[in-house]
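Taking it in order: structure first as structure tokens, then the write-up.
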Protein chains: 2
Amino acid sequence: MMQQKNIGYYRLIMLNSLGRVVPDTLRGYTSATAYQSKNRILIPEKAVVTKPLFLDSISAIFDEYHISDGMTLSFHHHLRNGDGVLNAVCQEIKTRGIKHLTIAPSSIFPNNAIIVDLIIAGNITNIRTNYINGPAARPIDDGKLQGLLLMDTHGGRARAIESGDLPIDIAILACPTVDRNGNGSGTEGLSACGTLGYAQSDLRYAKKVILVTDTIVDKVKQIDLDGKYVDAIVQIDSIGDPEGIVSGTTKITKDPVGLKIARDAADFLYQAGVIKPGFSMQTGAGGTSLAVAAAVRKMMITKQIHGSFASGGTNGYYTDLLKEGWVDNLYDVQCFDLEAVRSYRDNSHHIAISASKYGNPYEPNPVVNNLSFVALGATEIDLDFNVNVTTDSLGRLIGGSGGHADTAHGADITIITTTLAKARLPIIKEHVTTITTPGEDVDVLVTERGIAINPRRVDLLEKMKNSNLTIMTISELMAISHQISGIPAAIKEPGKVTGLIVYRDGTILDQLYQRF
Amino acid sequence: MMQQKNIGYYRLIMLNSLGRVVPDTLRGYTSATAYQSKNRILIPEKAVVTKPLFLDSISAIFDEYHISDGMTLSFHHHLRNGDGVLNAVCQEIKTRGIKHLTIAPSSIFPNNAIIVDLIIAGNITNIRTNYINGPAARPIDDGKLQGLLLMDTHGGRARAIESGDLPIDIAILACPTVDRNGNGSGTEGLSACGTLGYAQSDLRYAKKVILVTDTIVDKVKQIDLDGKYVDAIVQIDSIGDPEGIVSGTTKITKDPVGLKIARDAADFLYQAGVIKPGFSMQTGAGGTSLAVAAAVRKMMITKQIHGSFASGGTNGYYTDLLKEGWVDNLYDVQCFDLEAVRSYRDNSHHIAISASKYGNPYEPNPVVNNLSFVALGATEIDLDFNVNVTTDSLGRLIGGSGGHADTAHGADITIITTTLAKARLPIIKEHVTTITTPGEDVDVLVTERGIAINPRRVDLLEKMKNSNLTIMTISELMAISHQISGIPAAIKEPGKVTGLIVYRDGTILDQLYQRF
């Protein structure tokens, strides 16, 4: 029904299907075409708008997105030891016999034991994660992973994904509640786990993003995963075991030795001028690290010192600090317990942040860079202050950096708190088995027998020279620990390389080896 | 400090700065480089992470993003006749003497009079918008815009932006409240305006996105504009006049003629079987259209019929429907009054949608496609049922489609309600001056003297053949109106083409002309 005529004013005149004169091309609006009567809306190839698909099973993801040999699948660990999604996907991989997959979960927990079989059968040949604990670590120690285990930091994983260093084919993200627009919430539903900070890079940068949920609502109250990035939503009966989801943290130590260490750490921080109005803090989730938080809180109350923020994975100890007004804000990548979930849901000063905002070294100003101090644990620390939280002293995988190396690099002062020996093994080594965090970023070691300051921190040595605390060198502390628990025997020669410790900027800190 | 040695197992062995063996390249992880001692985090070119800049003036946007001749700037109209942001940007364009700009506000209101000077001086040479009313329209009617005015629909604008048909250099988006992460809220702050549906495509697809606000908080309670897409935040004293922001809607007509038309429209819809359990609706914001909403509500109460949803720009009439449980959900692109703002803030069934989700024809299932009926206005309607809401009967710009053509195409039944004459001018024409909505999408015309059904709708003609309502042809209605108000004189020959009416799929419906 399109007609053309030449009536002078235009080079070429067209009538559209309503009989109206329209231009063919006109002054810069070159894509003009004439209206073409009803049922005319043709969606061109370049149309970019998509909305979430609704799928009804894990299996349907595999069909819809053609999950096949060699792909990279990513996951987050916010459901911690209660996660059912990574396991369900692994079960489907096993059933279908897909091979040579790379999986990139932000952490791997003891309940992910199904991975063992998939490593051994060659379904999973490469793993990239920030933390691995439990059965899945064993075949890697045994040299059965055909490819490599790459161990990132929390901030480094975000960097790797966002910079293209870790390309993800399909992110399969557990989400406690999802709405019809594909928006996901971490605070609603049966498996509420709080903030979803570790999933943010996957959400934005994976080629395809699938949310797996057990609860679909019309509209979530708080958006933790933005539906704009979501390709599909899968509803299954249950995404996890609520018991396991919030069980990932420990309680403050009751051991008097640990409590003394924590008090000394707080005293050290006060004497070094760190605990002053407006200071900010993070502690690890271990019992002694939490005791440091408690000791610092007591000091804040006694001395009426208000801080600015606390960050990290959060728990009830931190939400109390916020509720009582000792800090203005919590910056939270991950909630460790139900108090934290509730606080994030209800308190506008409890602020969700992505792993990127938390610790990505490419961020102009990640939260870790604003920390006055961080108190962290160690399974080993050496004379250069290098810290290992990745392997035990036999070199077998028991953890990983998480945010250890990120916060250690960012904070003004990084304190390691530990007893001199654990399970009768000395913690201070000449060289750690595996470097998780470079000694260049570790400033102070607080033990039950004394405190060692990294000789690089001449400022701290100077400040503490008249302290009533017992300051000595790390060699002196090692000598004391050898008197207590003896000099450990050298461990067996390792086998082949099984993995790499990737520093937060993508460079290689160390290697992991097959252990016999 | 990097060292290399050849010890057999590796082709080339390197030690990193901590003295650890690291690979040069290893099994697929080809980008491995050795850790390089402190201060080693070099941000490569490819790093993609950005965080919002904080700027302190509108002028700073121009400096930071080099706003210069020929660029395209976009805006939304959620602050309606109270908007101060488009005006402030225009003032800066004027001060700097920047030329040949394209502006793409989703609508232009009477308070945007500053545009007049900028058109005349050639600062602004192209305009792309969905609605224009007030002084800014006059120089366009007068042929002073050097380029063209392109008039989209609300859904069509989203399509144009998202498909690349309307590339935006810089989106400058007014936002009532913004937080430190760049997240914006429409329900908090001095200039709270509710949902921000028209800004969503700009937010996602503009090359640079600037939020302009008068209120910065630590964390917004509800995210309407996602900080992930925000390049910069500008804080100014005031983004607008609250009085003007929510004044954009009219009240239900009190004219008995209008009320009769509304009742007849509701009766028609009921008799045609449209008003039945689960039906969905939208009405325009005009007084008679709102009266249709009120008449339909009365019918729902009398007959105890519950609907599923109402959509569109929302107001107190709609929030009452939701509150009283007559519909399950409101899908809302834009809030017209304070009741709507409050309802959106507090009621989880009052759901914000983007212009794309609302009416983008490239969306698989936009909300408009699910409408049982829409009741709309007209400034002219012709014998082919084509509707004009863009120009008056002299061809001068007084409005635009907004969602008119989107909903007319999507809804099962499109009803136009109007008196036969306005200001003594007949509304029914042989041919409308400007086609805003093709007659192919318009089903019923309800006037005070009778109801005309589009002959294409044989189903409706059949259903209504025994109706007690006065059904006649549109020609008969035109004849009646000519008896009342006479046959209008032909208007003057138009001058050059000043603009194009762009149908929602991007094709050209009609042209706009210089008027004398």
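The values are calculated or read from the model by the stated rules, or taken from the named source; none is laboratory data. None of the values given here were measured: they were computed from a predicted structure. In this analysis, Cβ positions are derived from the backbone assuming ideal geometry, glycine residues included, and neighbour counts consider all displayed protein chains. SASA here: full protein model, heavy atoms, side chains in, ligands and nucleic acids out. Shrake-Rupley method; radii C 1.70, N 1.55, O 1.52, S 1.80 Å.
Each row is one residue, and each column tells you yes or no for (1) assigned to a helix (DSSP H, G or I); (2) touching a Gly at 6+ places or on another chain (Cβ under 8 Å); (3) not aliphatic (A, V, I, L, M).
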| residue | (1), (2), (3) |
| --- | --- |
| A:L460 | yes, no, no |
| A:K465 | no, no, yes |
| A:M478 | yes, no, no |
| A:Q483 | yes, no, yes |
| A:I487 | no, no, no |
| A:P494 | no, yes, yes |
| A:T498 | no, yes, yes |
| A:I501 | no, no, no |
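Go through (1) outside the structural domain of A:N133 (by TED's automatic domain parsing); (2) assigned to a helix (DSSP H, G or I); (3) open to solvent by 30 Å² or more (accessible area, probe 1.4 Å) one by one and return the number of the condition A:D264 breaks.
Among (1) outside the structural domain of A:N133 (by TED's automatic domain parsing); (2) assigned to a helix (DSSP H, G or I); (3) open to solvent by 30 Å² or more (accessible area, probe 1.4 Å), A:D264 violates only (3).
Would you check if there is a residue in region B:423-434 being open to solvent by 10 Å² or more (accessible area, probe 1.4 Å), of a type in the set (A, V, I, L, M, F, W, C) and under 20 Å from B:G506 (Cα atoms)?
no
So, in region B:110-128, of the ones that are closer than 16 Å to B:L500 by Cα and within 18 Å of the chain's Cα centre (by Cα), which residue ends up surrounded by the fewest Cβ atoms within 10 Å (Cβ to Cβ)?
Result: B:I127.
Looking at region B:87-104, which of its residues are surrounded by 19 or more Cβ atoms within 10 Å (Cβ to Cβ) and either hydroxyl-bearing (S, T, Y) or within 26 Å of B:T437 (Cβ to Cβ) (or both)?
B:T102, B:I103, B:A104
Being part of a helix (DSSP H, G or I) and touching a strand residue (DSSP E or B) at 6+ places or on another chain (Cβ under 6 Å) is the filter here, so list the residues in region A:331-354 that pass it.
Within region A:331-354, A:A340, A:V341, A:S343, A:Y344 qualify.
Out of region B:214-245, which residues are in a strand (DSSP E or B), more than 23 Å from B:I351 (Cα to Cα), out of contact with any Pro (no Cβ under 8 Å at 6 or more places or on another chain) and more than 10 Å from chain A (Cβ to nearest Cβ)?
B:I216, B:V234, B:Q235, B:G240
For the condition at pLDDT below 95 and either out of contact with any Asp or Glu (no Cβ under 6 Å at 6 or more places or on another chain) or not charged (D, E, K, R) (or both), what is the one hit in A:P455, A:P426?
Just one listed residue meets the conditions, A:P426.
So the check is Cβ under 7 Å with 6+ separation or different chains; which pairs have a first residue in region B:224-244 that's farther than 21 Å from B:A60 by Cα and a second one that's among the hydrophobic types (A, V, I, L, M, F, W, C) and surrounded by fewer than 19 Cβ atoms within 10 Å (Cβ to Cβ)?
The qualifying pairs are B:P242/B:L190.
Considering (1) under 24 Å from A:I61 (Cα atoms); (2) touching a residue at least 40 places away in the same chain (Cβ under 8 Å); (3) open to solvent by 10 Å² or more (accessible area, probe 1.4 Å); (4) more than 14 Å from chain B (Cβ to nearest Cβ), say which one A:S107 fails and leave the rest.
(3)
Given (1) crowded, with 24+ Cβ neighbours inside 10 Å; (2) more than 18 Å from the chain's Cα centre (by Cα), where does B:G316 come up short, assuming only one miss?
All conditions pass for B:G316, except number (1).
Please give the number of the condition B:S238 fails out of (1) open to solvent by less than 10 Å² (accessible area, probe 1.4 Å); (2) under 22 Å from B:I108 (Cβ atoms); (3) in contact with a Gly (Cβ under 7 Å, 6 or more places away or on another chain).
(1)
Just checking, does region A:206-213 include any residue being surrounded by fewer than 22 Cβ atoms within 10 Å (Cβ to Cβ) and either within 11 Å of chain B (Cβ to nearest Cβ) or among the hydrophobic types (A, V, I, L, M, F, W, C) (or both)?
No: region A:206-213 contains no residue that is surrounded by fewer than 22 Cβ atoms within 10 Å (Cβ to Cβ) and either within 11 Å of chain B (Cβ to nearest Cβ) or among the hydrophobic types (A, V, I, L, M, F, W, C) (or both).
Can B:Y358 be described as in contact with a Pro (Cβ under 7 Å, 6 or more places away or on another chain), farther than 17 Å from B:K251 by Cβ, crowded, with 19+ Cβ neighbours inside 10 Å and modelled with pLDDT of 95 or more?
The answer is yes for B:Y358.
Kindly list the number of the only condition in (1) assigned to a loop (DSSP other than H, G, I, E, B); (2) surrounded by 21 or more Cβ atoms within 10 Å (Cβ to Cβ) that fails for A:L290.
(1)
Here is a list: B:D218, B:D224. Which entry is under 18 Å from the mean Cα position of the chain (by Cα) and either more than 25 Å from B:T498 (Cα to Cα) or of a type in the set (A, V, I, L, M) (or both)?
B:D224
Here are A:N468, A:N454: which of them is open to solvent by less than 20 Å² (accessible area, probe 1.4 Å) and either among the polar types (S, T, N, Q) or in the same structural domain as A:T419 (by TED's automatic domain parsing) (or both)?
A:N454
For A:V497, indicate whether it is surrounded by 13 or more Cβ atoms within 10 Å (Cβ to Cβ), closer than 30 Å to A:L397 by Cβ, within 14 Å of chain B (Cβ to nearest Cβ) and touching a helix residue (DSSP H, G or I) at 6+ places or on another chain (Cβ under 8 Å).
When the stated conditions are applied, A:V497 does not pass them.
Taking region A:73-129 only, how many residues are outside any loop (DSSP other than H, G, I, E, B), touching a strand residue (DSSP E or B) at 6+ places or on another chain (Cβ under 9 Å) and more than 26 Å from A:G184 (Cα to Cα)?
8
Can you say whether B:L259 is farther than 18 Å from B:L371 by Cβ and either in contact (Cβ under 8 Å) with a residue 12 or more places away in the chain or open to solvent by 40 Å² or more (accessible area, probe 1.4 Å) (or both), as far as the supplied structure shows?
For B:L259, the condition - farther than 18 Å from B:L371 by Cβ and either in contact (Cβ under 8 Å) with a residue 12 or more places away in the chain or open to solvent by 40 Å² or more (accessible area, probe 1.4 Å) (or both) - is met.
I want to confirm something. Restricting to region A:130-188 and keeping residues that are among the basic types (K, R), at pLDDT 95 or above and outside any loop (DSSP other than H, G, I, E, B), which single residue is least open to solvent (accessible area, probe 1.4 Å)?
In this case the residue turns out to be A:R157.
If you scan region B:325-355, which residues turn out to be open to solvent by less than 30 Å² (accessible area, probe 1.4 Å), without any contact (Cβ under 8 Å) to a residue 40 or more places away in the chain and facing chain A (nearest Cβ under 9 Å)?
Across region B:325-355, the qualifying residues are B:N329, B:H350, B:I351.
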